[in-house]
Structure formats: C-alpha cells, structure tokens
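The block underneath contains the structure these notes are about, expressed in structure tokens.
Here, each number is a calculation from the coordinates, and none is a lab measurement. What you see is a predicted model, and the numbers here were worked out from it, not measured in a lab. Ideal geometry is used to build each Cβ from the backbone, glycine not excepted, and the neighbour counts take in all protein chains shown.
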C-alpha cells in the first residue's frame, strides 16, 4: 500500500499507508525534501517526520534515517498515537549527523525494534527522546543501542506511559531486552536516563547496560524491575527516588527509624534489581543512591564503590547474596530515616477443598511483635499472591540492619518474633499460622469448607465478656 504524504517547509506528514523508507521517498517525490543514497535516507532541512495515526512505517535491514538540521527540532520524529514504527536490525536513526542541534523524538504510538546481537538498532545524536506511551499495545525491543546525546543535561531516554501510573494502573507488558544506553564517553558522561511516574511492573527489562552517562533517575512512584543488568562508568548516580522527602511513602514497613503506620493500600510496591552489577557508578562513590523509596536488591554485585549502598531516607531490602567491593569504607551509608531490611522469600499457594487453586482468597500477613510490617493480598487464578505488579513472590523481613553491622530481629522464631499468616475466603474456615521468616518459605494452604451457620472471629481480644 502506497503512502500518502503532506509536506511543508517544516514537516513531512505520512497521513496514510503502510510501507518502508523507499516507499516514503517515492511518495514525497522531491529530493529537496527527502532523498537517499543507497540505504541512507535523509530528511532535508529543518523538517519533522510525522507518522500519523493508522500509518505503519517499516525500516529494512541496513537502513539509515538521518537529519542534518540547522536549528533545534522538537520533535524531529513524531510517532503519533495510533501509528506504528517497526525498526529492523542494523537500522541507524541519526538525529543530527553533525552533533550540533537538538533533535527530539516523541513516541506516542507503537515502536518495535528488532535488533539482534551484533546487528543492533541504533539511535544516536539526539537531544531528548520521549517515550510517551499512549496506547496499550505491547512494545517489543531487542538489541537496541541509545548513544551520544548532544547536551550533558538532556535525556537520552525519558520514559513515561500516560495514564499508567503507579496510582492508576494497570501496567502494559512491554519487553525491553538487551538494551544499551551509552553517553558520549567524554569526561562529563553526557546524558541522563529517566523513568517517570509509571507502573512498569509488567515490563520485562533484561540485560541492560547503562554506561558513560550522567544520571539514571527512577522517579515519582515508578515501579520497575531490572534483571541481569550492568550500570557502570557513570559520572553521577543510579537514583531511585520517591516524590516526597521525609518518610518512605510506598511501603508498609514500620522500621526502627520511621515508626509509621501505613494505610494498607499499596502491596510491596518497590523498585527491583535482580542479578545486577553496579561498577564505578557516581565516579566510584555511591553504587546505588536511594531516596525515600523502597528498593529490593536481589543477588547484586558492587565493584569499585566507596559506599555500595546509600539508604537516604529509603528502605533498602536485601535478598540472597550481596557482593561488596574488597575494601569499601562502609558497605551501607545511612541518611535520614533510611534503613536496610534483610528479607526472605514467601511462596504461598491457596487451595480449595478439592485441592484446586482458589482465586480471590484474602491473605493477611503481619509481623506479630509490634506489627512492624503488614500486608493484605488477594490470590490470583493460580491461588498465589504476587509482589506489586511483578511476577514475584512476597518478601518478608527477617532482620533490620539499622546501621552497619547492628541489627533488630523481626522474625527469627524467638517468642513473638514471627509472622502471622491468616488466609480466608467466603464459605471457608480461616487458616491461621505463625511462621518464622528466618529462611525462604514455601507454603501450601488448603482451606476447608466452614460448617453451616459458623461464625469466625479472628484478630480480636475479649475482656469480661460472655459469648453464647
């Protein structure tokens, strides 16, 4: 299907059709507006390329799409909501071949990148790139390189899904695997990476390499999970942070420092790094610098860091084995109400009287002594409860490390230092048990049908009462 285009001194607008860059050149039919040499296609002058709703633009293996503007362009490439841009392996998108002017890309529609190892999709020489995700079509990205922003304080990637915030949900299951975000490699390490006010719990973000940039921000209630990723040679910080200074606002942990009773409306909402490496981040000072927000570090490694972890008003959860540098000044630095919780994994499955998974059973969990943490979940169709929006088990606290090497026990099995787990569902007898979370636990709860006319009372204390 041929393209229909509208052109002006400031824009090439693909208004309808499906095709590739050669089809676009045919439709424009003006070398002073859009031209090619082999597979190198150039938008001439200070023109935006807009892909309108209903249009699908495909690149082919080995294409380059480039600009050489004489002024800043915002945007230079605009994928409108309802449009689709499919980018093939070995494609280069170059926003300014002379690295002089800012060219921004807006991604309101669907963008898929199909690189392979050694044949990556490359975006380079941009000013800002905004991933404004308006539709809920899952994106698929594999083997993509973002590199060489123009100005030091600009964002190589600015990721935000409109209407899909941590408060509004639900998350869309986007896939971003084998992604490299790379600055200029200059001494100042140009460019920032920002994840902004979005529930990314269902996103897959595996095998990222973030290097030679300035900062990586995870801000304002964003939830996401990185796996098997490396953050290295950065001039500034890997910085998860909440929107409000002071006490943590996205968890129910009543630690020895904050002693806050939370509202109960967020279930283990946290930022997760699993099997990740932090190497020479912040020019070797802070490996990860978390501000006022809970993060979970699972089997992470820190190299070449003076302070591997800075819990600045934050709740930092550690699971598995954390590998520290040979001789850091201190493994953890504390600020404000920041503290560290050593956690264990709880895998719980609820079954009905026929041993089938029971959906929408209520699982209430609390630490018995002083109720330092409490949670309430509904089981899913598999009879399980999951962490936040992730496909994750629940993590409960064994002990709190409130300063380096100093601990408060939460659930070591001594006296009331246990967790109480109550499982209930309409028509069933409540199952209540005490569990010490001094190791990972895998529990199967089979509920029994409540006798007709039975009344269940739990979590209650009666004084001077007579009950008939």
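How many angstrom lie between the C-alpha centres of region 276-333 and region 46-75?
Between the Cα centre of region 276-333 and that of region 46-75, the gap is 40 Å.
How would you rank 291-299, 435-443, highest first, on the average number of other Cβ atoms within 10 Å across their residues?
Ranked by mean Cβ neighbours within 10 Å, highest first: 291-299, 435-443.
What is the gain in length, in nm to one decimal, between residue 22 and residue 409 on full extension, counting 0.36 nm per residue of separation less the C-alpha to C-alpha distance?
132.7 nm
Roughly what would the spin-label model give for residue 60 and residue 117, points 7 Å off Cα along C-beta, in nm?
2.8 nm
Can you give me the distance in nm between label points at residue 368 and residue 37, each placed 7 Å from the Cα along the Cα-to-Cβ direction?
That separation, rounded to one decimal, is 7.7 nm.
First measure r as the distance between the Cβ atoms of residue 15 and residue 359, then evaluate 1/(1 + (r/R0)^6) with R0 = 45 Å and state the FRET efficiency to the nearest 0.05.
0.45
Report the extension gain between residue 209 and residue 391 in nm, rounded to one decimal, defined as 0.36 nm multiplied by the number of residues separating them, less their alpha carbon distance.
63.3 nm
Can you tell me the length gained on complete extension of the stretch residue 444 to residue 227, counting 0.36 nm per residue apart and subtracting the Cα distance?
Taking 0.36 nm per residue and subtracting the Cα distance, the gain is 75.3 nm.
Please report the orientation-averaged projected area of region 294-368, defined via the convex hull of its C-alpha atoms, in nm².
That works out to 7.4 nm², a quarter of the Cα hull's surface.
What is the diffusion coefficient of region 345-446 in µm²/s, taking the Kirkwood radius over Cα pairs and the Stokes-Einstein relation at 25 °C with a viscosity of 0.890 mPa s?
Calculated translational D: 173 µm²/s.
How many percent of DSSP beta bridges within region 345-446 run antiparallel, rounded to 5?
Around 80 percent antiparallel, to the nearest 5.
Could you check the spin-label model distance between residue 175 and residue 326? Points 7 Å from the Cα along Cα→Cβ, value in nm.
4.1 nm
Compute the Cα gyration tensor for region 32-116, then decide on rounded, prolate or oblate, letting a ≥ b ≥ c be the square roots of its eigenvalues: rounded whenever a/c is under 1.5, prolate when a/b is larger than b/c in the other cases, and oblate in all that remain.
Note, shape of region 32-116 comes out oblate.
With a 10 Å radius around each residue's Cβ, average the other Cβ atoms per peptide and rank 45-51, 18-24, highest first.
Result, highest mean first: 45-51, 18-24.
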